[in-house]
Amino acid sequence: DGGITQSPKYLFRKEGQNVTLSCEQNLNHDAMYWYRQDPGQGLRLIYYSQIVNDFQKGDIAEGYSVSREKKESFPLTVTSAQKNPTAFYLCASSGRGSTEAFFGQGTRLTVV
Amino acid sequence: QQQVKQSPQSLIVQKGGISIINCAYENTAFDYFPWYQQFPGKGPALLIAIRPDVSEKKEGRFTISFNKSAKQFSLHIMDSQPGDSATYFCAASNKAAGNKLTFGGGTRVLVKP
């Protein structure tokens, strides 16, 4: 099955800890994206990457970091500097020059 | 700065009725306007999309109307069904800016049987 796999589905983190969310795609897409979704709000772009070993900040990058060492993988680290990390995180990908983004099933992160 | 504004935040419609969701954008460089459908606990999925060179696009019960001069576009769901109950997001992107999607705030639609 082709698609985007996010893991884990649910994640609990203690305050002050860093945590890494996984995103893997087997669609051979060049571009990958991380969005954050809060209740009653739209999706806000955290980071995006158009090619391997290159990524750019989105609208709300503070407190987050990413890497893009492989085309298939785009992990997101939520650092202790992120003041309000509890949210639903969505990873997406799109083909080169394509306007359609395909989303994973999301990871719900809760800080306890 | 909210570049895409969506309304209403929620809407309740009877089965068989019409659901209408509106979006307005600010950036005239946007050249692609998709609508995404999201069910609880799932990622959004592309429903229908339009480019600014056409004023309307229809796919089954879903229609996008686009008004370039007013910088507005809307989604109409005809003959709404309980299975259409979901959150709908409008979005916009610009090829020159790498096709990054900017999303509206979402509309939660509930179709009552």
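Here are the numbers for the structure shown:
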quantity	calculated
Footprinting exposure proxy for B:Leu46, A:Leu43 (fewest neighbouring C-beta atoms within 10 Å first)	B:Leu46, A:Leu43
Three-way shape call for region A:24-112 based on the alpha-carbon gyration tensor, with the a/c threshold at 1.5	prolate
Dipole moment magnitude, nearest 20 debye, chain B about Cα centre, only Lys, Arg, Asp, Glu C-beta charged	120
Nearby aspartates and glutamates by direct alpha-carbon distance to B:Lys57 (threshold 20 angstrom, same-chain neighbours under 8 apart not counted)	A:Glu100, B:Asp31, B:Asp79, B:Asp84
Cα gyration tensor, region A:4-44 - rounded (a/c under 1.5), prolate or oblate	oblate
Contour excess over end-to-end distance, with Cα ends at A:Leu27 and A:Ser7 and 0.36 nm allotted per residue	5.5 nm
Lysine pairs meeting the criterion (Cα under 27 Å, 8 or more apart or interchain), as found in chain A	9
Size of electric dipole in region A:15-112: Cβ of Lys, Arg +1 and of Asp, Glu -1, about Cα centre, debye, nearest 20	40
For region A:21-79 versus region B:86-108, the gap between their alpha-carbon centres in whole angstrom	16
Hz values of 3J(HN,Hα) by residue in region B:20-28 - Karplus curve (6.51, -1.76, 1.60), Gly and Pro given as x	10, 10, 10, 9, 10, 10, 10, 7, 6
Magnitude of the charge dipole, the protein assembly as shown, Cβ model with Lys/Arg +1 and Asp/Glu -1, debye to 20	360
Lysines whose Cα lies under 16 Å from that of B:Lys15, excluding same-chain neighbours fewer than 8 positions away	B:Lys112
Under 5 Å, built H, 5+ apart or other chain: amide partners of B:Gly17	B:Ser80
Förster-model FRET efficiency, 35 Å R0, B:Ser7 and A:Asn53, C-beta, rounded to 0.05	0.30
Whole-number percent relative contact order across chain B, with pairs defined as alpha carbons under 8 Å at least 6 apart	37
Of A:Ala81, A:Ala61, A:Ala31, the one that fluctuates the most in a GNM where chain A has Cα springs shorter than 10 Å	A:Ala81
Amide proton proximity set for A:Tyr47, modelled H, under 5 Å, gap of 5+	A:Trp34, A:Gly58
Relative contact order %, chain A, counting alpha carbon pairs below 8 Å whose residues are six or more apart	35
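Bear in mind these aren't lab numbers, they're just calculated from the coordinates by the rules spelled out. In this text, all values refer to a predicted model and were calculated from it rather than measured experimentally. Methodologically, a virtual Cβ is constructed for each residue, glycine included, from the backbone with ideal geometry; neighbour enumeration extends over all protein chains shown.
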